[in-house]
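Here's the structure we're looking at; comments come further down.
Read the figures in this text as sums done on the coordinates, not as results from a lab. Here the structure is a predicted model, which is why all the values come from computation and not from measurement. Note: ideal-geometry Cβ built from the backbone for every residue, glycine included; neighbour counts use all protein chains shown.
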């Protein structure tokens, strides 16, 4: 039975949330919006088509003529959302349905505002419409990169160029004074929020999953708070400039256009102001994952070699100098930026480790979030120990 509300079908339950994530005068209110909620746990294929058809009649009048012409295909690879291609009358749009509980992890309004800005700057797909628990985005004729692609020399250099262009957005949208401090960086805002959430949920998590309880006790989450503050202190002494960072630049979030071969970055749920070193460290850590392999939650792939790191960073530097016009006195070497990255590795581990534990408690996606979380949190302490000794 269909349990999803729609404005155009009075025979089903109506549910129109207040869309609390859209604040007054938001840039994202300039795109069509509706309150329809898609419950993927309850909907079968035909029911999903019906709901998407009804919703599209409101958001995109004239696009979908009749339900029988609509084709919906789910695409794999997302660890947070369910993503579908919606095809009709020779036009394709991307439909993204947010995962259960994800709004605890993401500032949805901030994400949508950045998505709208990036679309206008032609640095990402355009935001087309928003509904109660998801959105429609522009579809880009492309293929998604895989874990082999990001290791290929030319592709890696292209990714570095894309990263440089995105980092430079800070010139167009500079942070406010309150957004530029250490604790205001995206990583620490998230870590502080997620750490508090993990501490609140630990008793319930142990009760629901007794097999996890011993590992959670041994890890000592009370002491983790002190480790996090120690990490902040170490990183505050690193002179890594604040940029507009993607913060989740894994291979599944990079598309290669069919027409030009150019790369396009997508999925800006975690984007925001962070240090250059953090965004580099996060991308290099993603070299270690094959999310479609036999152990998708484990770091089974090799970290980039020192020479691979320098090749990437040099392409990043060259893009800034030759295309974006970096300051004449900015003579930071690739080796110096590599050190920024290396020091920042621990911050990427603790952030995604906490994220994974929250996902383990609530996500409906078939992925071993608990293993992922504990491996990242242990890697955090390993990296922290290296810098505590110096």
Please find the FRET efficiency linking residue 321 to residue 206, where r is the Cβ-Cβ separation and R0 is fixed at 41 Å, and quote it to the nearest 0.05.
-> 0.20
What distance in nm separates the simple spin-label points at residue 85 and residue 226, each placed 7 Å from Cα in the Cβ direction?
-> 5.4 nm
Helix-only [θ] at 222 nm, the chain, -39500 (n - 2.57) per DSSP H run of 4+, per residue, nearest 500, equals -14000 deg cm²/dmol
Ranked output for segments 82-91, 338-347, 189-198 by mean other Cβ atoms within 10 Å, highest leading, reads 338-347, 189-198, 82-91
So, in nm, how far is label residue 46 from label residue 295 when the simple model puts each one 7 Å beyond its Cα toward the Cβ?
-> 4.5 nm
Principal-axis tilt of helix 210-219 within the chain, Cα atoms, nearest 10 degrees | 30 degrees
Between 0 and 90°, nearest 10: helix 306-319 axis offset from the chain longest Cα axis | 70 degrees
Mean Cβ-within-10 Å packing, highest first, puts peptides 244-253, 45-54 in the order 244-253, 45-54
Which FRET efficiency, nearest 0.05, do residue 335 and residue 366 yield, Cβ-Cβ r, R0 41 Å?
-> 0.45
P(r) tail fraction, the chain - alpha-carbon pairs more than 30 Å apart, % = 42 percent
Cα-projected label distance for residue 74 with residue 237, points at 7 Å along beta-carbon direction, nm = 5.0 nm
Using a 10 Å cut-off on Cβ atoms, rank the peptides 165-175, 63-73 from the highest mean neighbour count down.
-> 165-175, 63-73
Please give the helix 45-59 orientation as an angle from the longest Cα principal axis of the chain, in degrees from 0 to 90, rounded to the nearest 10.
-> 90 degrees
